[in-house]
Amino acid sequence: MKLILAITLLMLLTGQALAAELKTRLVFSIDQGFGNGIASNGNVEALNRMVAALEPLRAQYEVSVLLNPMIRDKQHLKLMLDALVAQKMPFVLDVYSSDSFTLGANGPANAPFDSSHGQSISVEQLAAFKESYGASLVGLRFMEIFGQDYGIRAMKTTNPELKRPGDILPADTFFRPDLAEGFIRFAKEHEMFVQWADFGWMPFSPWDKEMPNYTDQVKALLRKYPGVVTVTYNNNEPNEASIPRLSTWHTAVESFPKDGASGYGLSNQSWLHNFTYMDTKPEEIIAWTQSALSKNCRLIQFEPAWYFFNLPTGTFALGDSNQVPAGTQTGEAKESLKQLSAFLQSALSPTNKP
């Protein structure tokens, strides 16, 4: 009898663990390193309101927030991370990113480890974060590596006018598999996930002649570290190229699990319309979310923060994160987030599963 009870209990616990693993992860960007962001201002009150706005989603989803750790003022960064731990909100760090190239070199709020390669921090610095924050640090993101790599090649050759005054161009290439591997290996060793996000995947990037070679290198990393990386499509392609892909976007990333990716997903951005984020209606964000859920995607990431939360539009220059309309509170949910949240809470109800 004791053996039967023990087996039954084990089955129940295993079932609960599997159910938890199968929850879709929602990742909301809260600060990309802008000079008027909540991190550079150490705005814990706004952060707490943002976390509170996401709270209703946590019963049905694995909710995390995303921020870039390249903030120069490490005390302000610590305030953010400590507040997230206090709120029991898991977080993801942008470690290899186009933001760390552009904002890193041109924004006075930031001091990335290596802006020329978009490294916000080194693996050694990441280890210190993991030691301090433990299980609260759940994942890492690579963002627009291939899009930025193409841009840097253009700056060096055909379009030098694209280079901003502070940009530091790498002597080699922006995308380096060895840099990506260091972070992926760390994530595997510490049971974390990596989101590899880009719009420049084949076959959507015929203009980039390096992509076949780069894709092979990505697949080699996935095979070497299976089950760690989720490959996501960014729906912010230049010239509004993502808009007609609502029903086909997955074809750019759906093959990666065959090579070892833990799955594929969507980076759902309001920058659908030539980076004029206010032109994107909440209904469009919801339609893309519905598309991802219908394809059983286990990771959907949302940005920018000021589209979903009451925050000033991001600036490179230093600025006050509390510059919001009179009578409103910094960090509270905007109508776009309220509508998205209502959809998400109904999308996985027992009578409406994807």
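The values are calculated or read from the model by the stated rules, or taken from the named source; none is laboratory data. Quantities reported herein were computed from a predicted structural model and do not represent experimental measurements. Here the Cβ is made from the backbone with ideal geometry for all residues, glycine too, and neighbour counts use every protein chain on show.
At a glance:
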| quantity | calculated |
| --- | --- |
| Any hit, the stretch 112-125, residues being among the β-branched types (V, I, T) and part of a helix (DSSP H, G or I) | yes |
| Cross-chain or 6+ apart pairs with Cβ under 8 Å, the stretch 235-264 first and over 16 Å from A197 (Cβ atoms) and modelled with pLDDT under 95, then surrounded by fewer than 17 Cβ atoms within 10 Å (Cβ to Cβ) and among the polar types (S, T, N, Q) | N239/N274; E240/N274 |
| Unmet criterion (only one of (1) under 30 Å from N296 (Cβ atoms); (2) at pLDDT below 95; (3) surrounded by 10 or more Cβ atoms within 10 Å (Cβ to Cβ)) for A6 | (1) |
| Hits in the stretch 132-175 - residues which are assigned to a helix (DSSP H, G or I), out of contact with any helix residue (DSSP H, G or I) (no Cβ under 7 Å at 6 or more places or on another chain), surrounded by 12 or more Cβ atoms within 10 Å (Cβ to Cβ) and among the small types (G, A, S) | S132 |
| Selected residue [in contact with a helix residue (DSSP H, G or I) (Cβ under 6 Å, 6 or more places away or on another chain) and crowded, with 23+ Cβ neighbours inside 10 Å] from A105, A109 | A109 |
| Candidates K295, K338, filtered to the one that is surrounded by fewer than 17 Cβ atoms within 10 Å (Cβ to Cβ) and under 21 Å from I243 (Cα atoms) | K295 |
| Members of the stretch 81-97 found to be in a helix (DSSP H, G or I), more than 17 Å from A305 (Cβ to Cβ) and touching a residue at least 12 places away in the same chain (Cβ under 8 Å), listed by number | V85 |
| Filter result for the condition that a residue is more than 20 Å from N36 (Cα to Cα), surrounded by 17 or more Cβ atoms within 10 Å (Cβ to Cβ), within 17 Å of the chain's Cα centre (by Cα) and not β-branched (V, I, T), over P90, P69 | P90 |
| Residue in the stretch 271-291 that is in a loop (DSSP other than H, G, I, E, B), of a type in the set (S, T, N, Q) and either in contact with a Leu (Cβ under 8 Å, 6 or more places away or on another chain) or at positive phi (or both) present | yes |
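Residues checked against (1) of a type in the set (G, A, S); (2) without any contact (Cβ under 8 Å) to a residue 24 or more places away in the chain; (3) touching a Ser or Thr at 6+ places or on another chain (Cβ under 7 Å); (4) more than 15 Å from L47 (Cβ to Cβ):
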position: R58; (1), (2), (3), (4): no, yes, no, yes
position: L67; (1), (2), (3), (4): no, no, no, no
position: I71; (1), (2), (3), (4): no, no, yes, no
position: L79; (1), (2), (3), (4): no, no, no, no
position: D99; (1), (2), (3), (4): no, no, no, yes
position: G104; (1), (2), (3), (4): yes, no, yes, yes
